[in-house]
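Just below is one structure, and these are the notes that go with it.
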Amino acid sequence: MDTALEAYLLSHEHDTLRLLEELCRRPSISAQGRGLMEMAALVESLLQETDFRTQRLTVPAAPPVIYGELPGAGDYTLLLYNHYDVQPPEPLELWQSPPFEPTVREGKLYARGSSDNKGEIAARLAAIRALLAVDGRLPLTVRWVIEGEEEIGSPHFGEVAARYAPLLRADGALWEGEGFDPEGRPELCLGTKGLLYVQLEVQGTGIDTHSGAAPVLPSAAWRLVQALAALRAPDGTVRIPGFYDAVRPPAEEDLRALADLPVIDDLLRASYQVETFLDGLSGFHLRERLAFAPTCNIAGLLSGYTGAGSKTVLPARAMARIDFRLVPDQDPADILRKLQAFLAEQGYGDILVTCTEASEPVKTPLADPFVQRIAALATAYEGKRPAITPLAAGTLPLLGALRRYVGLPGLSAPGNPVYWGNAAHAPNEHIRLADLWRAVHFNCYLLRALAG
Ligand SMILES: [Zn+2]
């Protein structure tokens, strides 16, 4: 990187920190509908101050998605995605400093949203401002979309993407990003699993009754647990016919990428507080199953009396929530149909099934030229081969909408000031300032190099 840019970045670290503090000082909690309009206005004005032409992408009942476009010198167009909302800060008593009073301690900035993902908004803004100051203009066109509902599953992003698809077109997309792993290897992530979230309800009797009547009354609780048991074998195999039909086996290149990732068994054991994993899984096989196994998980189970003492009751109602994590090319709508058909066929047609969330799995192939290009640039930047996660175990619902309505290749690149200990979504969320400087630096490098 040239000395003019290096000097600029060094002399503006303070401004970058101020920028991030300004973003973090305002609560913008989508789960509580708190502060979203104010935050949207701040984000819009920050983009405008950075020469972006902005627009509010609106659909009914959603906070505005802020969109900005900054034309550059070259033909290349890049789409950036971020979100301006954060998780609720509770429980407040576990914070060492108030969540919306950004505080620097021992080289770290503590605040709700600092790592997820206002830090990356600040890092990208700072990089773009630096390039404008040093080079006069960007080498490529940047289109930037910043939504306010990511932390509640982006319920309106599909509508936004459908309505405003032409604005989101680009040669490639950089989603909310990754960082550098403990060995300093740049991290890339190429997609996430899909999700089907359903609620199952059984009504046995009209009212809760004395359990002495159990010999003659239907039991909602038994009926529900028996239906649940029918869904999944003890070894974890999902018993719904056709559940695995669309599962595409992982590509050779994906398995090679997984095998090249550091072993994280001990880290995971410590963070989950378990002695062993299912089936004694370890190393590569643990990684492989995490990435590529679809699941049927009981996320919640409710019936009867669970308070102090005992109560001999036959509960009228039982409810369960189930999440299915889906892998390419499973389709949540197809799985929902198969679930309902299976329950009916097993004699559980009376169970009320309500779907509350559905997102498809999304994965950009490792061989995609955009992925190859970013991987090559990240390698050149750090002098270390990237750590590539082909498919993350979680779900980003917005990716399905982007693929459906815009259809551009995308990935998470290491321009985000995050590390494994960020405490995202938890009390004392923070970033390391050194990661922030590196993220700005990397984003400058990437924007220039992508245009080249
Ligand atoms: Zn996030």
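Tabulated data for the structure shown
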item	result
Sequence ranges 392-403, 9-20, ranked by mean other-Cβ count within 10 angstrom, highest first	392-403, 9-20
Carbon/sulfur fraction of accessible area - the chain, other protein chains in place, 1.4 Å, %	54
Cross-link reach list, lysines versus LYS108, counting only Cα pairs under 27 Å and skipping chain neighbours closer than eight places	LYS118, LYS384
Cα gyration tensor shape of the stretch 77-158, rounded if a/c is under 1.5, else prolate or oblate by comparing a/b with b/c	oblate
Low-density loop positions, trypsin sites (Lys or Arg not before Pro), the stretch 240-343 - DSSP coil, at most 15 other Cβ in 10 Å	LYS311
Cα long-axis angle, helix 119-135 against the chain (0 to 90 degrees, to the nearest 10)	20
Globularity index of the stretch 372-452, i.e. its alpha-carbon radius of gyration over 2.2 N^0.38 Å	1.26
22 Å Cα-Cα reach of LYS193 towards lysines, excluding residues that sit fewer than 8 places from it in its own chain	LYS338, LYS363
Computed Kirkwood radius, in angstrom, where 1/r is averaged over Cα pairs of the stretch 350-391	13.3
Positive-end residue of ALA257, GLY307, ILE121, charge dipole of the chain with Cβ unit charges	GLY307
The stretch 1-105: C-alpha gyration tensor shape, a/c 1.5 cut-off, then a/b vs b/c	oblate
Heavy-atom SASA rank of THR237, THR77 (probe 1.4 Å, accessible area, largest first)	THR237, THR77
Shape category assigned to the stretch 285-351 from the gyration tensor of Cα positions, a/c cut at 1.5	oblate
Cα centre as origin, Lys/Arg/Asp/Glu Cβ charges: the stretch 337-384 dipole, Debye	240
Solvent-accessible surface ranking, highest first, for VAL313, VAL202 at 1.4 angstrom	VAL313, VAL202
Principal-axis tilt of helix 220-231 within the chain, Cα atoms, nearest 10 degrees	60
Low-density loop cleavage sites - GluC sites (Glu not before Pro) in the stretch 83-185, where at most 14 other Cβ are within 10 Å (DSSP)	GLU106, GLU183
Structure-based [θ]222 nm, the chain - -39500 (n - 2.57) summed over DSSP H runs of at least 4, per residue, nearest 500	-10500 deg cm²/dmol
Taking the chain and dividing mean pair separation by its residue count, relative contact order in percent (alpha carbons under 8 Å, at least six apart)	26
Inter-label distance for ALA133 and GLN199, nm, one decimal - labels placed 7 Å from Cα along Cα-to-Cβ	5.1
With at most 14 neighbouring Cβ atoms within 10 Å, loop chymotrypsin sites (Phe, Trp or Tyr not before Pro) (DSSP) excluded, longest segment of the chain	1-243
With DNA, RNA and ligands ignored, accessible area of ARG248 (1.4 Å probe; Å², nearest 10)	120
Accessible area per residue, Å², the stretch 256-340 with all protein chains present, probe 1.4 Å	57
Relative frequency of Cα-Cα separations exceeding 42 Å in the chain, percent	21
By accessible area with a 1.4 Å probe, ligands and nucleic acids excluded, highest first: order of LEU267, LEU258, LEU132	LEU267, LEU132, LEU258
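The values are calculated or read from the model by the stated rules, or taken from the named source; none is laboratory data. Computed from a prediction, not measured in an experiment: that's the story for all the values here. Because the Cβ atoms are built from the backbone with ideal geometry, glycine has one as well, and the counts that use them run over all protein chains shown. Note: areas computed on protein heavy atoms with side chains; ligands, DNA, RNA excluded. Shrake-Rupley method; radii C 1.70, N 1.55, O 1.52, S 1.80 Å.
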